[in-house]
Amino acid sequence: MVIKTLNRTEAQNAMKEWLSNYPALPGIEKDYLKIRNDIQIFNQQVRTECPQEIAKRDYYIDAHIGILLYNYLWKQPGFNLRTAANDDFWRYLSVKVVPDVVAERWGKDNESHYWSKPARIWLRSIWWYVHLSWQGDILTTIRVLEAPCFSTDSILNLEERTGRRGTFINVYRYIMYYYSHISQSTLNNFNKNTKTQQDDLFRVVMKLNTAKVMVIDPALYLGGEKEYVRALFQDAGVRV
Amino acid sequence: MAANISLFPVLNDEMLGKIRFQATPYELYYIREEQEFVLRAEEIESSLIMHKVIDEEGIWSPDDYNLCIRRRYSLRTYQCLFGEKGIACKNAVLGLALVWTSADSKQRGVLKIGDIRNSSQDIELTLNYEFLEAQLRGIVEFTTVIYIKEAGTPSWDEEHLANEYGCLLGELDKFIIKLDGTGSVFPIYEISEPGQPLWYVKCDWEDPTYEQFSECVSININTAHKNYKYLDKTKRTFDEQLLKEIMASALILIITKLKEQDNYWDVTTNGDDIQKGSVSEAIYYFINTLEWDVSTPEAMSISIRKFFEQRI
């Protein structure tokens, strides 16, 4: 696929155009018609398979569409990390290719999830959520993402904290791994003992990390990123 | 280093002078058909540390080829780094490393260069590293640092020293490359919105220390307004003074808006830990390099207008 992009202004105009022709979808090239079709199919599939009685329906949808999108895009020739880090590519995908899929999750009057706020562009954020949680293969990753401790808040927390000096990808992957393996009773206990009873362990660990990377580079820590992350949990008072 | 207050001694200028840290310029190259091809790093806008990467042959691009870096380092008389008046215990091992960070690529990492042990030998080290094709985008910053490679056993006069594995003890130098982006485009747009004023400003940021100035700030000139003819450079009616007035007012407004956000304002004026190209960086530049006086609304009004009178 040829990587297509929209800058802010172009995205804003394309969004207006889509809305004024709604419900017709924007005209795009053949390559991207195929991509549109494929994404629509797995969007439907995830929504149909989503158990009715599930408590965190939005999270289920984000995580599952995220992993399918992640897997799908890597298989597209031309897609690479540079593309994934390019907000303008996500704008194109959101506004031109599958605005209907984004609308099903966020409604169509919600420009921040399409193009205006990079950290909130939905497709971008679920792709990166999976990338920062990746455990080497789909099954292991989905097992981590399906842990009951995660919610749409986790996506925000992980994504919005990615640093202004770049992201320690392995550190995030280990945090996701260890956090998903902590028992629910340990987590409940932890929350009960915090001052506000609201600051959950995930947020505490993320904050500790933000403070600690100022002085210590995780990859230079004894035992590398893995031991660095275990020490973060230890500092928060939880053994992993 | 990002930490503003350090709880332990870190590298200072005096030590820096003593250790006679010397390094060759960064060599950039890429590999094609198992051969090395040289890339040139060209300084951008007389900045000493910011560089564009140029391939004279026009073949290399960050999407299609890898990017390799190579550099040689030497250190002499670095014994002062060890012991009570230094930065690490006498029997600790220090390490030299290259930290690379890139918010644009959403990645960062660290490359170990070599060990510094407490001895009198001269140290010669080489770093050679390959970034994969299409791994990096935008701005990538390289910072040479010294860190605790192996903790030592502090003697009674060394207990104030950092002694934790991985602890960063100071920066030696910095080198920045820019792989994408046109950079400092001033965000003025023409719009056509009947019924709206001749111009208006939009400040669409949540975190100004991070979000790009050119992305979230816009000065909009309305071509549908009856007085647009005074701003249309193709017409004889074009009035330069009006354009300057608009620019000055818009910038005062943008700075005032940021000033109302106490936390962000402090970070902006300190200039620490702000993203390249962000709103804060732009304003930091206005204040420190262009020497705009932003202490009061009146001072701001005068100094910004003086700037436009002289420069444009």
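The values are calculated or read from the model by the stated rules, or taken from the named source; none is laboratory data. On a predicted model such as this, the values are computed, not experimentally measured, just so you know. Cβ atoms come from the backbone with ideal geometry, glycine included; neighbour counts cover every protein chain shown. Side chains are part of the model used for accessible areas, which takes the heavy atoms of the whole protein and leaves out ligands, DNA and RNA. Shrake-Rupley method; radii C 1.70, N 1.55, O 1.52, S 1.80 Å.
Annotations
- Whole-number Å³ per residue for the convex hull built on Cα positions in the stretch B:122-233: 232
- For the pair residue A:37 and residue A:192, the difference between a 0.36 nm per residue extended length and the Cα-Cα distance amounts to 51.1 nm.
- Listed by chain and number, the lysines whose alpha-carbon sits under 28 Å from that of residue B:149, ignoring those within fewer than 8 places in the same chain, are A:207, A:212, A:226, B:18, B:85, B:90, B:106, B:112, B:174.
- Amide hydrogen neighbours beyond the local backbone of residue A:166, cut-off 5 Å, H modeled: B:102, B:103
- Extension reserve of the residue B:64-residue B:120 stretch, reckoned as 0.36 nm per residue once the Cα distance is removed: 15.6 nm
- Sum of -39500 (n - 2.57) over DSSP H runs of 4+, divided by residues of chain A (222 nm, nearest 500): -18500 deg cm²/dmol
- For the chain pair B and A, the interface hides roughly 3500 square angstrom of accessible area in total, found with a 1.4 Å probe.
- 0 to 90° range, to nearest 10: angle between helix A:57-74 axis and chain A longest Cα axis: 70
- Note on surface exposure: B:290, A:232 rank B:290, A:232 by accessible area, highest first, 1.4 Å probe.
- Shielding value for B:159-170 is 3, the average number of Cβ atoms from other chains within 10 Å of each residue's Cβ.
- Panel values: chain A, Kirkwood radius from alpha carbon pairs, Stokes-Einstein at 37 °C and 0.692 mPa s, translational diffusion coefficient 172 µm²/s.
- Chain B, helix-only ellipticity at 222 nm - DSSP H runs n ≥ 4, -39,500 (n - 2.57), divided by all residues, nearest 500: -6000 deg cm²/dmol
- Using the Cβ-Cβ distance between residue A:45 and residue B:132 with R0 set to 35 Å, the FRET efficiency from 1/(1 + (r/R0)^6) comes to roughly 0.60.
- Counting only Cα atoms, the stretch B:162-289 measures 69, 33, 24 Å along its principal axes, largest extent leading.
- Here the accessible area is traced with a 1.4 Å probe on the protein chains. For chain A, carbon and sulfur cover 49 percent of it.
- Distance between the pseudo-spin-label points of residue B:202 and residue B:8 (7 Å out from Cα toward the beta carbon): 4.9 nm.
- Cα-based shape type of the stretch A:162-240, given that a ≥ b ≥ c are square roots of the gyration tensor eigenvalues and the cut on a/c is 1.5: prolate
- The protein assembly as shown gives an Rg/Rh value of 0.99, both radii derived from C-alpha positions and Rh following Kirkwood.
- The rule of thumb for compact globular proteins, 2.2 N^0.38 Å, goes into the C-alpha radius of gyration of the stretch A:1-103 1.12 times.
- Ligands, DNA and RNA left out, the accessible area of the stretch B:76-147 computed with a 1.4 Å probe is 43% carbon and sulfur.
- Shown for chain B are the DSSP H helices of 15 Å or more along their axis, judged by Cα atoms, with a mean Kyte-Doolittle hydropathy of at least -0.5: B:240-259.
- Percentage, to the nearest whole number, of Cα pairs in chain B over 33 Å apart: 44
- Using a Förster distance of 56 Å, the FRET efficiency for residue B:91-residue B:226 (Cβ separation, nearest 0.05): 0.10
- Between helix A:122-133 and chain A: long-axis angle, C-alpha atoms, 0 to 90°, nearest 10: 30
- The stretch B:275-312 and the stretch B:64-127 have Cα centres spaced 38 Å apart.
- Here the stretch B:13-178 is treated as an ellipsoid with the same Cα gyration tensor; its semi-axes, largest first and in whole Å, are 34, 15, 14.
- Linear extension gain, residue B:18 paired with residue B:249, 0.36 nm per residue minus alpha-carbon span: 78.1 nm
- Within the same chain, aspartates and glutamates fewer than 8 places from residue B:306 are excluded, and of the rest, those with a Cα less than 14 Å from its Cα are B:245, B:291, B:293, B:298.
- Counting only lysines at least 8 places from residue A:108 when in the same chain, those with an alpha carbon closer than 27 Å to its own are A:4, A:16, A:30, A:34, A:56, A:96, A:117, B:202.
- Accessible area in the full protein assembly, largest first, 1.4 Å probe, for B:160, B:225: B:160, B:225
- Computed over neighbours whose Cβ is under 12 Å from that of residue B:177, the net charge equals +1, Lys and Arg +1, Asp and Glu -1.
- Largest-first principal axis extents of the Cα set of the stretch A:28-156 (Å): 39, 33, 26
- Once the 1.4 Å probe is applied to the protein heavy atoms, the protein assembly as shown comes out at 48 Å² accessible per residue.
- Peptide A:1-13 is shielded by partner chain Cβ atoms: per residue, an average of 1 of them sit within 10 Å of its Cβ.
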